[in-house]
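*Asks:* Below is one structure. I have some questions about it.
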Amino acid sequence: MENILVPIGTSVHAERTLAYAIEFAAQFNSTIYVIDAYPVHSSIASLTNYNARFEEDNIKRIKAMVAKASPKGDSIKIVSSERDLVGTIKNLDKTIGLDLIVTAPLNNEINDEVFLGRIAGSMIKRTQIPVLVAPLEKSFHPPKRMLLAFKTGEVKASSTLTPLVKMQDKFKSKLKLLLVKVPGFANRNHQLNDELMQRSEQLLYSENATVYQGVLEHFQANKPELLVAFKRERGFFEKLWEPDLIYKKDFYCTVPLLVLKNKD
């Protein structure tokens, strides 16, 4: 993984998230691109002087955070963010190729009922870049146990699995697969990807109304240190990821969450 993007918001957890990303990136000698997750809103676009001062203050805040987290500033670059944050990220991806986005669950929100705020949610929903959601206030530790939960094991492109493969190889992690049979489950769901089967040590089954309920059923018994999920155009979290804001009542986990982008 050569290029990793880290959106930094105004949350009190921002420094911890950046430190987490730096520790993770160091494992792969990756370059980190830091972007402001709190760009100037279009609703005040007419206030030119205010916008310029606001943007300048944000850049200073991010530079100070980067200097504190990595005094030498090695392999860390700051990217200017336009009003369209997702558009800026997509353009950067086209220019340099982003291998991963590392984000906090909450970047700007303060809400105990929310699991993924609008920034993290939009990174998952609106980009084709894999996303690693880092738990709040936790240091990075190489995951030794991974759990990949899904309702169909088809993988459209081998590149979809690249982040998972690189992490498993680097950290020598054990991988378990969890196939959740949801209502409407079809036989085609048994068409499991050969590479996933070869890399996993066990295939688990669950029958539940949702994939998330299947995860809850097996989480405590298997104690994964990294939870992996697919984001399909139509699939695993198709309803969950429709809104950018995701509440804890709908989905929540206390370990890092790796979301792979699996196109239909």
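*Asks:* So which residues in region 120-173 are over 14 Å from Val259 (Cβ atoms) and in a strand (DSSP E or B), if there are any at all?
*Replies:* Across region 120-173, the qualifying residue is only Arg145.
*Asks:* Could you give me the residue pairs with C-beta distances under 7 Å whose first residue belongs to region 211-232 and is within 16 Å of Leu260 (Cα to Cα), whose second residue is acidic (Asp, Glu) and in a loop (DSSP other than H, G, I, E, B) wherever it lies, and which are 6+ apart or on separate chains?
*Replies:* Arg232/Glu238; Arg232/Asp264
*Asks:* What about Ser42, is it touching a helix residue (DSSP H, G or I) at 6+ places or on another chain (Cβ under 7 Å), at pLDDT below 75 and of a type in the set (Ser, Thr, Tyr)? Before the answer, list the steps.
*Replies:* On the way: touching a helix residue (DSSP H, G or I) at 6+ places or on another chain (Cβ under 7 Å): no; at pLDDT below 75: yes; of a type in the set (Ser, Thr, Tyr): yes.
It is false that Ser42 is touching a helix residue (DSSP H, G or I) at 6+ places or on another chain (Cβ under 7 Å), at pLDDT below 75 and of a type in the set (Ser, Thr, Tyr).
*Asks:* Which residue out of Pro135, Pro105 is surrounded by 24 or more Cβ atoms within 10 Å (Cβ to Cβ), modelled with pLDDT of 85 or more and closer than 24 Å to Gln213 by Cβ?
*Replies:* Numbers: Pro135 fails: surrounded by 24 or more Cβ atoms within 10 Å (Cβ to Cβ).
Being surrounded by 24 or more Cβ atoms within 10 Å (Cβ to Cβ), modelled with pLDDT of 85 or more and closer than 24 Å to Gln213 by Cβ holds for just one of Pro135, Pro105, which is Pro105.
*Asks:* If a residue has to be among the acidic types (Asp, Glu) and over 19 Å from Val12 (Cα atoms) to count, how many in region 110-130 make the cut? Walk me through it before giving the result.
*Replies:* Residues of region 110-130 that are among the acidic types (Asp, Glu), as a first pass: 112-113.
Going one step further and asking which of them are over 19 Å from Val12 (Cα atoms), we end up with none.
Adding up the residues that qualify gives 0.
*Asks:* Go through region 56-83 residue by residue and tally those that are among the acidic types (Asp, Glu) and touching a residue at least 24 places away in the same chain (Cβ under 8 Å).
*Replies:* In the first step, residues of region 56-83 are kept if they are among the acidic types (Asp, Glu); the result is 56-57, 74, 82.
Narrowing further to those that are touching a residue at least 24 places away in the same chain (Cβ under 8 Å): 82.
Total meeting the criteria: 1.
The values are calculated or read from the model by the stated rules, or taken from the named source; none is laboratory data. Given the structure is predicted, the values throughout are model-derived calculations rather than measurements. We place every Cβ from the backbone using ideal geometry, glycine too, and count neighbours over all the protein chains shown.
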